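Worksheet: one structure, shown below.
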Amino acid sequence: MTDDSDYSFVVWNGSSKGSYSNILRSLEQNKPVKVYYDSIQKYLPSEKVTELDITFIYRENNGYTASEVVKHLQNNGIERFKRSQEKFNNDFIDWIEEVSSVV
């Protein structure tokens, strides 16, 4: 859809992955994009239609999946999380207990 358009007009609830992806594609392709954010029932100001701001809204509404968390940890050199996902669960519980004891 974005590839075939000159500009994008998106009505978004902040959680739709398809709308989120269309907004990001429009930005990547330097196409004008207007976003009506249903949660506030207003258009987002153009200075707030950036990859960072749109991603913040999306994550605020959806959080991260477990596989995204694992991928992030693996890609950022955190050695204890580079093992299998099965082992990840045990390590994660250990880490939570470790952090809890520090607080």
Size-normalised alpha-carbon gyration radius of region 1-82, reference 2.2 N^0.38 Å:
1.27
Difference of contour (0.36 nm per residue) and Cα-Cα distance, F56 to Y7:
15.4 nm
Charges on Cβ only, +1 for Lys and Arg, -1 for Asp and Glu, centred on the Cα centroid of the chain; of V33, G63, V99, which one is farthest towards the dipole's positive end?
V33
Can you give the extra length, in nm with one decimal, that the chain gains between K34 and A66 once fully stretched, where that is 0.36 nm per residue apart less the Cα-Cα distance?
8.4 nm
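Determine the per residue accessible area of region 4-73 with all protein chains present and a 1.4 angstrom probe, expressed in square angstrom.
On the way: 4640 Å² over 70 residues.
Heavy-atom SASA per residue in region 4-73 reads 66 Å².
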How much length would be gained if the chain were fully extended between I93 and S46, taking 0.36 nm per residue of separation minus their Cα-Cα distance, in nm to one decimal?
12.7 nm
Could you pull out every one of the aspartates and glutamates with an alpha carbon less than 17 Å from that of K48, ignoring same-chain neighbours closer than 8 positions?
E28, D38, E60
In terms of Cα to Cα distance under 13 Å, which aspartates and glutamates are near enough to K87, apart from those fewer than 8 places away along the same chain?
E79
Mind listing the long-range amide H neighbours of F9? Cut-off is under 5 Å, sequence gap 5 or more, other chains count too, H placed in the peptide plane at 1.01 Å from N.
K34
Once all protein chains are kept in place, R25 shows an accessible area at probe 1.4 Å, nearest 10 Å², of 90 Å²
Among all the aspartates and glutamates, which ones have a C-alpha under 16 Å from K31's C-alpha, if same-chain residues fewer than 8 places away are not counted?
D3, D4, D6, E47, E51
Among V33, V49, V69, which one moves the most in a GNM of the chain with springs linking Cα atoms closer than 10 Å?
V69
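The values are calculated or read from the model by the stated rules, or taken from the named source; none is laboratory data. Predicted model, so just to flag it, every value in this text is computed and none were measured. Note that each Cβ is placed from the backbone with ideal geometry, even for glycine, and that neighbours are counted across all protein chains shown. SASA here: full protein model, heavy atoms, side chains in, ligands and nucleic acids out. Shrake-Rupley method; radii C 1.70, N 1.55, O 1.52, S 1.80 Å.
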